[in-house]
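J.: Dropping the structure in here first, questions after.
Since every read-out is calculated from the coordinates, none of them should be taken as a lab result. Keep in mind it's a predicted model, so treat the numbers as computed, not measured. Note that each Cβ is placed from the backbone with ideal geometry, even for glycine, and that neighbours are counted across all protein chains shown.
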Amino acid sequence: MTTTAYEPNMVLVNETFDVVGTRPIRHDGADKVTGRALYGADFDTAGLLHGKILRSPHAHARIKSIDTSKAEALPGVLAIVTAKDLPTTKAGVIVDFGEGNMELKYLRDNILASDKALYKGHAIAAVAASSPHVAEEAAALIDVQYEVLEPVLTAPEGMKEGAPLVHEDLKTEELGEKTDKSSNLASHFRHTKGDLDQGFQEADIVVEREFNTVTVHQGYIEPHPATALWNQDGRLHIWCSTQGAFVVRDSCAQILDIPVSQIRVVPMEIGGGFGGKINVYLEPVAALLSKKTGHAVKIVMSRADCFEGTGPTPGSYVKVKIGAKNDGTITAAHAYLAYEAGAYPGSPVGAGGMCVFSAYDIDNVVIDGYDVVVNKPKTAAYRAPGAPNAAFATEQVVDELANKLGMDPIDLRLKNAAKEGTRRADGPVFPRIGCVEVLEAMKSHPHYSAPLEGPNRGRGVSIGFWFNIGLASSCSISVNDDGTINLVEGSTDIGGTRASIAMQAAEVLGIAAEDVRPSVADTDSVGYTAVTGGSRTTFATGWAAYEAAQDVKRQMIERAATVWEVDADSVEFDKGAFKSKTDPELSMSFKDLAGRLSSTGGPIVGRAAVNPQGAGGSFAGNIVDVEVDPETGKVEVLRFTAVQDVGKAIHPSYVEGQMQGGSAQGIGWALNEEYYMGEQGQMTNTSLLDYRMPTSLDLPMIDTVIVEVANPGHPFGVRGVGEANIIPPTPAIANAIHSATGLRLERLPMNPGAVTEAGWKQRK
Amino acid sequence: MPTVYIPSLMQSLTGGKQTVQVEGSTVRQVVEALEQSYPGMRARLVDSGRIKPNISVAIDGEVTTLGMLQKVGENSEVHFLPAIGGGSHNRHGG
């Protein structure tokens, strides 16, 4: 097996750049560190009212009646809304948001329940009042009569014959074909490749295990805020915290049944999202309250509201079976994935199915995926949604195969690693990818060969894949006469994308990153731009900035030609200067020419709208050392190395931040985090004191290794970097625990209780 | 001719064939050609003239947002896949 010598960052991109790959201070840095940046909860305006949402105390209940009379009589209360204030919805109407679809009835019912409460925390009614305290008091006075029903809380429970039905009219769909039977199983898919039975017959060793993961939350630090003003001219203005202002606009248009042109969404600064701030929850409710009162209405969630009333990532049941020859060649793999969708169809099981075996080149594969509705909040995206659940299973089974074959676990992965030309089980063939390079960087890293001394300590590795996306992005650039540019884009900035987008424009125009003034615009002020999600923003909106800068460059070349009274074809742009191809005396810097725009024809504005494909997948791997307390079962992470193929790191500091952030969330998911559910479906740990996210005291220094296998599908070789890094931590830690204790943990989280229980079972 | 990979759950319509070759330079033409050779395909894939909400089309490995309008090359691979989120409008990741 060949490996490359360790380098802190493996750079396989040959081209060098002036701005791309450097580490300038982010453009929004001063506002953020001085506390001047304005977030959704900071928004204020004249006559502002405050809203509060009443939520269901039951996980599954029929709503018999809602009496709002006592609440309406409370001084300071101006309006109350329920589902009756939403437009009437016919069943079966599907709305298309461009990058996805959902049944309109489900979309509206998740905003305000119409007939049944489908999870504890489901919004039932809302109040607008003169203060948040009056609104809260009034909400408590609303009298809702329920017929409490038996809840179903896990995918396997929901799939059982005779299970309580979450939706009496839901029929299972199998790729375009619906069955006649009502069921909690919303959909089933199957990917097949080769001959699974033949593959297992060729295997010398087969490992099969079952795994369970539980519901976890994205844990963004900023709870959801939204303010709406339904103006007297009929236009609806919304100020909110979102990953996609246009998705908020389009969702509200569908939910409220008004044209998109009547809605303007202003994205405020965002305090984290991780996929959880794509769906709307508060915005339509605030809009209805504003329409009734004639005032702007602001609603801000509590932490408990976020846990119970937004979209966590699903619990799941995953069974994985893999067979291999004695030389380590994997001959067959089968996965059974059953994911909780929450109250409405649409779990990320499809993404789980795409990723479950995608790090490997396997000839014979079957992947079955099941989307199951349960009485929990409707799941939402969470950083590589669906992939960590699947990798927790696959990467432990691969580790067990390596143990039984007596092979180094990275060598086994390298022997079977996916590469350019590998056909995934779901069909597509990989273009240039960096799976092998990530594994080689892990193998040659000093961490992997460092002695691990002391009792109860172990080391684990794993790898994960995320496919990334492109989608639509828009950008415009105007040139200032001092040689700077104003860049307007539509991607909300969660992780430093103002900088990574601005740097791509700066690179094209030969100016410094600091000479770009990037701003995130509202939906009236920039072309359609899809969500900041799917690790797409630096890739796609960066591409839009690249194209807008090219547009500026073309126009500037024409101006230089005007100044020099030559043909534009004889002018070129090189290293920040416009030059004549024929006369070396004719040269002008970008700044000099910018200062002459008004006298040569007026302002220059470049623009671009893109919808690129070729996002290129990203692979991430971890090496983890742990120590397990044999008495308490507590797992301490001693050392953690995160390796990821990022294509080209536009701003390496923010790439490292993404890698560390994803790793930290993965460690929390691995060791502590869970919705601790009561038997009737009540989450019992709805504060961050009890929902145990890791703090800095729980985490080691997370070392990062940036691998750069340029994405041929992007002008600068970018691959999205935001998500793949959360996939490997849970199995890497599980494998490390096995290395330390011999225990194979088959459920998340691997908290002290789970580790201790596994120890008891082993000793029986 | 483009090669269409038939999902396993639809192979009953193609007599068990995993791949078929049909004429067509757009997804719409490919679907019509499939319907001609394997009746029932259109109903499984298309509703009101559009690819069904819970199905994605990938051409040469790239999921398209153009649906029936997507161009298909002479040697392209066409895959019909379950839409990633199965009906959610946040299917593309976080």
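J.: Quick one: of the DSSP bridges fully inside the stretch A:232-389, what percent are antiparallel, nearest 5?
T.: The answer is about 40 percent antiparallel.
J.: Using 1/(1 + (r/R0)^6) with R0 = 41 angstrom and r between the beta carbons of B:Asp47 and A:His133, what's the FRET efficiency to the nearest 0.05?
T.: 0.25
J.: If each of B:Met1 and A:Asp67 carries a label point 7 Å out from its Cα toward its Cβ, how far apart are those two points in nm?
T.: Inter-label distance under the simple model: 7.1 nm.
J.: Let me ask another. Under 8 Å for C-alpha pairs, at least 6 residues apart: give me the relative contact order for the stretch A:98-141, rounded to a whole percent.
T.: After rounding, I find 24 percent.
J.: Quick one: if the Förster radius is 45 Å, what FRET efficiency do A:Asp327 and A:Thr684 give, using the C-beta to C-beta distance and rounding to 0.05?
T.: It comes out at approximately 0.35.
J.: Using a Förster radius of 22 Å, what is the FRET efficiency between A:Asp233 and A:Leu38 based on their Cβ-Cβ separation? Nearest 0.05, please.
T.: That gives a FRET efficiency of 0.35.
J.: Calculate one ³J(HN,Hα) per residue across the stretch A:281-297 by plugging θ = phi - 60° into the Karplus curve 6.51 cos²θ - 1.76 cosθ + 1.60, and present them in order as whole Hz with x for glycine and proline.
T.: For the stretch A:281-297, the Karplus curve yields 10, 8, 4, x, 5, 4, 5, 4, 5, 5, 4, 6, 9, x, 10, 5, 10 Hz.
J.: What is the gain in length, in nm to one decimal, between A:Thr16 and A:Asp567 on full extension, counting 0.36 nm per residue of separation less the C-alpha to C-alpha distance?
T.: This chain segment gains 195.3 nm when fully extended.
J.: Turning to a different aspect of this structure: Evaluate 2.2 N^0.38 Å with N set to the residue count of the stretch A:621-708, then give the Cα radius of gyration divided by it.
T.: Normalised by 2.2 N^0.38 Å, the Cα Rg of the stretch A:621-708 equals 1.32.
J.: Quote the convex hull volume per residue of the protein assembly as shown, based on C-alpha atoms, as a whole number of Å³.
T.: Hull volume over Cα atoms, normalised by residue count, gives 176 Å³.
J.: How charged is the neighbourhood of A:Gly617? Take every other residue with its Cβ under 9 Å from the Cβ of A:Gly617, and add Lys/Arg as +1 and Asp/Glu as -1.
T.: Charge balance near A:Gly617 sits at 0.
J.: When the Cα centres of the stretch A:212-257 and the stretch A:560-613 are compared, how far apart do they sit, in Å?
T.: If we compute the Cα centre of each part, the gap is 42 Å.
J.: Here's another thing I want to ask about it. Between the stretch A:276-311 and the stretch A:470-540, what is the C-alpha centre distance in whole Å?
T.: First find each Cα centre; the distance between them is then 28 Å.
J.: Something else: If you project the alpha carbons of the stretch A:260-409 onto their three principal axes, what span does each projection cover, largest first, in Å?
T.: 73, 32, 29
J.: What is the extension gain from A:Lys419 to A:Ser449, computed as 0.36 nm multiplied by their sequence separation minus the C-alpha to C-alpha distance, in nm to one decimal?
T.: Full-extension gain reported as 8.3 nm.
J.: Evaluate the distance, in nm, between pseudo-label points positioned 7 Å from the Cα of B:Gln18 and of B:Gln36 along their respective Cα→Cβ axes.
T.: Result: 2.7 nm between the two label points.
J.: Could you run the Debye sum over the Cα atoms of the stretch A:517-636, one equal point scatterer each and no solvent, and tell me log10 of I(q)/I(0) at q = 0.16 Å⁻¹, two decimals?
T.: -0.89
J.: Need one value for B:55-67: mean number of C-beta atoms belonging to other chains within 10 Å of its residues' C-beta atoms.
T.: 4
J.: Roughly how far apart, in whole Å, are the Cα centres of the stretch A:407-466 and the stretch A:325-361?
T.: 17
J.: In addition: Roughly what % antiparallel, to the nearest 5, for the DSSP beta bridges in the stretch B:3-82?
T.: Antiparallel bridges make up about 80 percent of those DSSP assigns within the stretch B:3-82.
J.: Let me ask something else. What lysines sit close enough to A:Lys581 to cross-link, taking a C-alpha to C-alpha distance under 27 Å and skipping anything fewer than 8 places away on the same chain?
T.: In chain and number order, the partners are A:Lys553, A:Lys591.
J.: Treat every Asp and Glu Cβ in the protein assembly as shown as -1 and every Lys and Arg Cβ as +1, leave all other atoms uncharged, and give the resulting dipole magnitude about the Cα centre to the nearest 20 debye.
T.: Here the size comes out at about 1220 debye.
J.: If you take the charge dipole of chain A about its Cα centre, with +1 on Lys and Arg Cβ and -1 on Asp and Glu Cβ, which of A:Met701, A:Asn735, A:Ser474 is farthest toward its positive end?
T.: Checked the options; the winner is A:Asn735.
J.: According to a simple spin-label model (label point 7 Å from Cα along Cα-to-Cβ), what is the distance in nm between A:Ser114 and B:Asn75?
T.: According to this spin-label approximation, the distance is 5.2 nm.
J.: Another one. Given the Cα-Cα distance of A:Glu210 and A:Asp169 and 0.36 nm per residue of separation, how much length would full extension add, in nm?
T.: Going from the current span to full extension adds 11.7 nm.
J.: Around A:Ala332, under 13 Å between beta carbons, what's the net of Lys plus Arg minus Asp minus Glu among the other residues?
T.: -4
J.: Let me ask something additional. Just rank A:Ile53, A:Ile501, B:Ile55, fewest to most, by other beta-carbon atoms within 10 angstrom.
T.: Ascending Cβ contact count within 10 Å gives the list B:Ile55, A:Ile53, A:Ile501.
J.: Still on this model: Rounded, prolate or oblate: which one fits the stretch B:1-85, using the alpha carbon gyration tensor with axes a ≥ b ≥ c (rounded when a/c is under 1.5, else prolate when a/b beats b/c, else oblate)?
T.: rounded
J.: Additional query: To make sure I understand, if each residue's beta carbon is the centre and we count other beta carbons within 10 Å, what order do A:Glu558, A:Glu723 fall in, fewest to most?
T.: Lowest count first: A:Glu558, A:Glu723.
J.: Here is a follow-up. Determine the alpha carbon to alpha carbon distance for each of A:Lys419/A:Lys634; A:Lys105/A:Lys376; A:Lys171/B:Lys71; A:Lys32/A:Lys298 and list only those over 27 Å.
T.: A:Lys419/A:Lys634; A:Lys171/B:Lys71
J.: What is the fewest-to-most order of A:Lys764, B:Lys17, A:Lys277, A:Lys321 by other Cβ atoms lying within 10 Å of their Cβ?
T.: A:Lys764, B:Lys17, A:Lys321, A:Lys277
J.: Compute the acute angle (0 to 90°) between the alpha-carbon long axis of helix B:27-37 and the principal axis of greatest extent of the alpha-carbon atoms of chain B; round to the nearest 10°.
T.: Taking the Cα atoms of chain B, the angle to B:27-37 is about 40 degrees.
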